[in-house]
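First up is the structure itself, then whatever we jot down about it.
The values are calculated or read from the model by the stated rules, or taken from the named source; none is laboratory data. No experiment lies behind these values; they were computed from the predicted model shown. So basically every Cβ, Gly included, is an ideal-geometry build from the backbone, and we count neighbours across all protein chains shown.
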Amino acid sequence: MAKGFYGTYRLPFALEIPGLKLSLAPEGDGFLYRRVQGDECVEKLIFLGERATVKLLPVEPVNLPGGLAQQLHISFKKPLLLPPRGNALVYLVFPVEVGVFVKAGTLYKVVDIFTLARQKLTFVGDFEKGRVSKYYESDLHTEIPPVSPLKEGVLRLRLRNRSGEWQNVERVSIPAEDIKIFYGPNLVSMTAEGVMMKGEIVKLEVKETPLKRGMKPSAELYRPGAFKKMTKKLLVEVE
């Protein structure tokens, strides 16, 4: 069963932390899923067998708000300067979104996605080739920063300047389908490497490597054959 917040829980299930209540309780022949978060209350009636389980896992942080984002965009609070042919290793924070999965037999179904992090969308790029992006700001850290694993994760980013000029780096964008998240009892993480040319990261590779030993790969909603993504809504309120 779960160690920390993330992992597998048996039914009936109830969990409460400041600002959030989750439960999956018997209701007739089924189970009533309920999430109470601030003024929001989400309820779903789910029919499950006695041996069904529920999983709480971090998922790609692009589903909220509204399921419109195509990538995660992290803006640095201060620029990073890379000398010619230089390298840098920094740590950034990113917003965490949590998927609620139920399992019946061998099949999983995502029934809810929520976040405790601030939600904001932005548009990155020109009109024809740009992408709607989940926007988040992060300080630059030279070591793993302390975070709440229910709200923020840590991205370890190694940058390599392959040009003969100084490079000024102010942001990084990761397409939804490239995001690979790992989790442990007290940490959610990603690792990536980028190559710099002319002030831009021209090649970014997200590694299938945990930030710390013992961390587990999380669910991927955007890879081929993965859990079916939540239906996108056409209207969304953006800050």
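Couple of notes before you dig in:
- The listed residue being assigned to a loop (DSSP other than H, G, I, E, B) and surrounded by fewer than 13 Cβ atoms within 10 Å (Cβ to Cβ), out of 66, 4, 49: 49
- Matching residues, segment 164-219, being among the small types (Gly, Ala, Ser) and either outside any loop (DSSP other than H, G, I, E, B) or under 13 Å from the mean Cα position of the chain (by Cα) (or both): 173, 176, 189, 192, 194, 218, 219
- Exclusive hit being modelled with pLDDT of 95 or more, touching a Leu at 6+ places or on another chain (Cβ under 9 Å) and among the hydrophobic types (A, V, I, L, M, F, W, C), set 64, 68, 20: 20
- Residue within segment 24-39 that is under 14 Å from the mean Cα position of the chain (by Cα), in a strand (DSSP E or B), modelled with pLDDT of 95 or more and not acidic (Asp, Glu) present: no
- Against the test of being at pLDDT 95 or above, under 24 Å from residue 23 (Cβ atoms) and either hydrophobic (A, V, I, L, M, F, W, C) or touching a helix residue (DSSP H, G or I) at 6+ places or on another chain (Cβ under 8 Å) (or both), the options 100, 90 yield a single qualifying residue, 100.
- Subset of segment 151-198 (residues that are of a type in the set (A, V, I, L, M), within 22 Å of residue 219 (Cβ to Cβ) and free of Cβ contacts under 8 Å to residues at least 60 places away in the same chain): 187, 192
- Single residue of segment 213-228 satisfying the filter (within 16 Å of residue 94 (Cβ to Cβ) and at pLDDT 95 or above) that is surrounded by the fewest Cβ atoms within 10 Å (Cβ to Cβ): 215
- Segment 132-147 residues that are free of Cβ contacts under 8 Å to residues at least 24 places away in the same chain, paired with ones that are crowded, with 18+ Cβ neighbours inside 10 Å and among the hydrophobic types (A, V, I, L, M, F, W, C) (beta carbon under 9 Å, 6 or more apart): none
- Filtered by the rule that a residue be closer than 19 Å to residue 188 by Cβ and in a loop (DSSP other than H, G, I, E, B), segment 7-23 gives 18, 19.
- Considering residues of segment 92-126 that are free of Cβ contacts under 8 Å to residues at least 24 places away in the same chain and in a strand (DSSP E or B) only, the residue nearest to residue 170 (Cα to Cα): 123
- When 72, 81 are checked against the criterion of being buried (at least 17 other Cβ atoms within 10 Å of the Cβ), assigned to a strand (DSSP E or B) and touching a residue at least 40 places away in the same chain (Cβ under 8 Å), 72 stands alone in meeting it.
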